[in-house]
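Okay, so here's the structure we're looking at.
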Amino acid sequence: MPHAELSELFREIATLSTILGGNVFAIRAQERVATTLETTPEDVEKLAKEGRLREMPGVGEGTAKKILEFFQTGKIAELEELRKQVDPAILAVMRVPGVGPKKAKLLVDELGLKSVEDLEKACRDQRVRPIQGMGAKSEEKILAGIASMRTTRERTPLWEAREAAEKVVAHLRKAGGATEAVPTGSLRRWKDTVRDLDVLTLAPDPAKLMKAAATLPGAVEVLAHGETKTSVALGQDRFQVDVRVVPAESYGAALQYFTGSKEHSVRLRERAQKMGLTVNEYGVFKLKKDGTKGARVAGETEESVYEALGLRWIPPELREDHGEIDLAEKGLPRLVERRDIRGDVHAHTTWSDGTASVEEMARAAEKLGYEYMAITDHSPTAAYAGGLNAEKLKRQRAEIDAAQKKVKVRILHGTEMDILPDGRLDWPDKVLESLDFVVASIHQISRSADRAANTLRLVRALEHPGVDLIGHPSTRRLGMRPGLDFDWDEVFEAAKKHGKAMELNSSPERLDLDEIRLRQAKALGIPIFIDTDAHAPGMYGNIEYGVMQARRAWLAPGDVANTKTWKEFEKWLKHRRA
DNA sequence: GCCGTTTTCGGCCCGACTGTTTTCAGTCG
């Protein structure tokens with residue numbers, strides 16, 4: 001099970017050591033351990049107790065000791081010591097784009113800064129330019145960095161980035177003469193939010209392409225403009241777009257390189273080196289004895305790059321250095337795919353806040369080849385979303401029965417029921433018993449509730465025999481609000497104990513559960529439903545977002561409840577209601 | 001600090017762009 005807290009501590013050790021000028025390789029080792037802790041399916045504390053920490057990749061004698069110390073004392077002495085040695089102002093100043101550890105330390109030391117505001121003032125007063133290695137342009141750049149830091153959105157939801165990408169690609173093709181223009185980076189990896197957009201292009205006239213990139217519609221600033229790379233900030237949010245152009249024979253290598261992730265690419269290049277090869281964005285090359293590059297052996301296609309390294313092609317969404325590289329020697333495990341999904345069990349109609357009828361939704365589900373689907377309109381308390389009362393619910397059943405006669409897809413009469421602030425449910429038991437499928441979700445967010453209250457709220461719902469599935473469990477809305485604070489160990493324990501399922505809500509604004517919680521749920525064997533919460537027929541298509549996020553968490557078909565056939569699913573429902 | 005079908009010691013990924021530099025360090029991805 002991943003250990004996010006411990007992972008953070010190792011990252012902090014790495015950052016602080018960097019500022020203090022520590023050994024760069026030792027620092028990398030700490031970062032590596034941080035990544036391992038963040039993603040390992042193993043229970044780290046259990047490994048610690050059994051003396052098996054060093055089985056984890058990148059964990060050696062020194063880092064194992066620190067992990068053990070954390071579990072025994074709750075802290076890491078080395079980290080406490082590092083914190084004492086680093087002025088917090090340096091950490092603050094480092095958050096300014098373009099200011100790294102070296103410059104931050106220099107500026108804080110030379111100018112006695114306490115904050116970013118101090119730095120801003122120093123630039124305006126031209127007190128930065130006298131410092132060795134700084135100049136007038138440095139002041140300008142830092143001021144621009146501070147301004148951008150204040151207005152740049154840190155991460156953009158994937159769906160918004162994909163919309164922006166479409167426009168960027170169209171412009172580069174039309175104005176830049178690009179013959180290829182594809183979004184790479186975390187967008188191609190289907191990460192739920194992205195920091196920036198990387199677009200790789202091929203173009204007969206690279207200079208023209210670069211010019212088109214620098215003049216993208218909506219660009220508010222050109223951040224860099226070279227022969228092969230141009231970066232601009234787009235719109236109010238200053239969404240950063242990096243455009244790269246490479247020669248056609250390097251297309252595959254560049255595609256691999258810019259898709260990343262950084263960690264994945266680093267591991268690939270390490271692997272290459274051991275094989276006497278070297279990899280960059282232009283191809284895979286033989287490494288000569290004197291360390292210089294020799295003949296090119298691959299690069300035109302992505303497949304050729306992986307093949308040259310003795311690997312099968314790895315789907316982009318798995319490229320996070322989560323163990324995929326070693327496995328790709330023989331072939332990756334079979335993960336869930338869109339074609340495995342046999343039903344969608346969370347959808348709304350005009351009975352509450354959807355825009356289509358039961359029949360329209362059923363026909364849309366049928367068109368996707370689904371064997372079953374559930375209509376899950378809101379419950380009475382969700383008045384803002386047109387929640388049904390008991391009488392309407394009964395009439396809805398009649399409409400569902402009528403629609404069922406016209407379609408083959410099995411229509412379940414369900415509900416998306418509010419979990420009230422104290423954990424009580426919004427429908428009486430008798431109503432729940434009359435329904436085929438019950439999704440229970442938190443909608444009213446109480447600001448005063450703390451972690452314990454939030455946890456109790458979900459646990460009580462999980463304890464109730466009438467509940468099948470917890471909808472969008474964290475309640476996060478990407479780019480708008482974070483999820484509620486829960487004790488997830490306790491929540492998942494309750495789900496496991498009572499045989500309940502958890503949702504991966506595929507709405508691109510939610511994608512909830514997130515990757516880390518999905519890994520945790522998988523490790524505990526908790527069934528996951530990937531569904532869309534569709535409010536219109538077209539929204540069933542969002543299932544792709546959910547499937548991709550599930551793959552990023554390495555969910556196999558067997559981990560996903562709605563890969564079951566209707567027969568299996570019916571059996572599961574009966575079994576868990578018995 | 002980790003690691004070994006070259007190695008238990010000596011390596012450790014790679015390149016673009018920028019600004020302040022007369023040849024490169026810092027930052028970023």
Whole-number D in µm² s⁻¹ for chain A, Kirkwood Cα-pair radius fed into Stokes-Einstein, 25 °C, 0.890 mPa s: 92
So what's the gap between the Cα centers of region A:478-542 and region A:423-471, to the nearest angstrom? 14
Heads up, region A:250-327 by the C-alpha gyration tensor (a ≥ b ≥ c square roots of eigenvalues; a/c under 1.5 rounded, else a/b over b/c prolate, else oblate) looks prolate
Nearest 10 degrees, 0 to 90: what angle lies between the long axis of helix A:101-111 and the longest principal axis of chain A (Cα atoms)? 70
Cβ-derived FRET efficiency at R0 51 Å, A:ALA402 paired with A:VAL266, nearest 0.05: 0.30
In what sequence, highest mean first, do A:13-25, A:276-288, A:69-81 appear when ranked by Cβ atoms within 10 angstrom? A:276-288, A:13-25, A:69-81
For chain A, size of Cβ-based charge dipole, Lys and Arg +1, Asp and Glu -1, in debye: 920
Could you give the Stokes-Einstein D for region A:4-85 in µm² per second, using the C-alpha Kirkwood radius, 10 °C, 1.306 mPa s? 125
Note on region A:493-578: alpha-carbon gyration tensor, axes a ≥ b ≥ c; rule is a/c under 1.5 for rounded, else prolate if a/b larger than b/c, else oblate; result oblate
Cα-based shape type of region A:47-193, given that a ≥ b ≥ c are square roots of the gyration tensor eigenvalues and the cut on a/c is 1.5: oblate
Straight-line reach check, A:LYS229, cutoff 28 Å on alpha carbons, 8 or more apart in-chain or any other chain, hits among lysines -> A:LYS102, A:LYS103, A:LYS137, A:LYS141, A:LYS167, A:LYS174, A:LYS191, A:LYS208, A:LYS211, A:LYS262, A:LYS286, A:LYS293
Nearest-ten-degree value, helix A:566-577 long axis tilted from longest Cα axis of chain A: 80
Can you flag which of A:LYS274/A:LYS330; A:LYS408/A:LYS567; A:LYS392/A:LYS500 are past 20 Å Cα-Cα? A:LYS392/A:LYS500
Within straight cross-link reach of A:LYS105, meaning Cα distance under 13 Å, which aspartates and glutamates are found once same-chain residues fewer than 8 apart are removed? A:ASP87
Expected output is a single nm value to one decimal: the length gained when fully extending between A:ASP87 and A:LYS229, i.e. 0.36 nm times separation in residues minus the C-alpha distance. What is it? 47.6 nm
Under 22 Å from A:LYS46, Cα to Cα: lysines that are on another chain or at least 8 residues apart: A:LYS65, A:LYS66, A:LYS75, A:LYS496, A:LYS497, A:LYS522
Which whole-number percent is the relative contact order of region A:143-209 (Cα, under 8 Å, 6+ apart)? 36
As a percent rounded to 5, the proportion of antiparallel DSSP bridges among beta bridges in region A:338-577 is 10
How high is the FRET efficiency from A:ASP237 to A:LEU573, r the C-beta distance, R0 56 Å, rounded to 0.05? 0.80
Note on region A:150-305, DSSP bridge orientation, antiparallel percent to nearest 5 equals 80
Using just the helices of chain A, give the 222 nm mean residue ellipticity in deg cm²/dmol: DSSP H runs with n ≥ 4 each add -39,500 (n - 2.57), and the total is spread over all residues, rounded to 500. -13000 deg cm²/dmol
What angle do you read, to the nearest 10 degrees and between 0 and 90, between the alpha-carbon axis of helix A:4-19 and the longest principal axis of chain A? 10
Express the relative contact order of region A:66-146 as a whole percentage, based on alpha carbon pairs under 8 Å and six or more residues apart in sequence. 24
One finds, for A:GLU337 and A:GLU303 with R0 = 22 angstrom and r their Cβ-Cβ distance, a FRET efficiency to the nearest 0.05 of 0.70
Inter-part gap, Cα centre of region A:332-391 to Cα centre of region A:77-146, in whole angstrom, is 53
Dimensionless Rg ratio for region A:156-245, taking C-alpha atoms and the 2.2 N^0.38 Å reference: 0.96
Region A:250-327, relative contact order in percent, only Cα pairs under 8 angstrom and at least six apart counted: 35
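Read-outs throughout are calculated quantities, based only on the coordinates presented, and are distinct from any laboratory measurement. If you're wondering where the values come from, they're calculated on a predicted model, not measured in any experiment. So basically every Cβ, Gly included, is an ideal-geometry build from the backbone, and we count neighbours across all protein chains shown.
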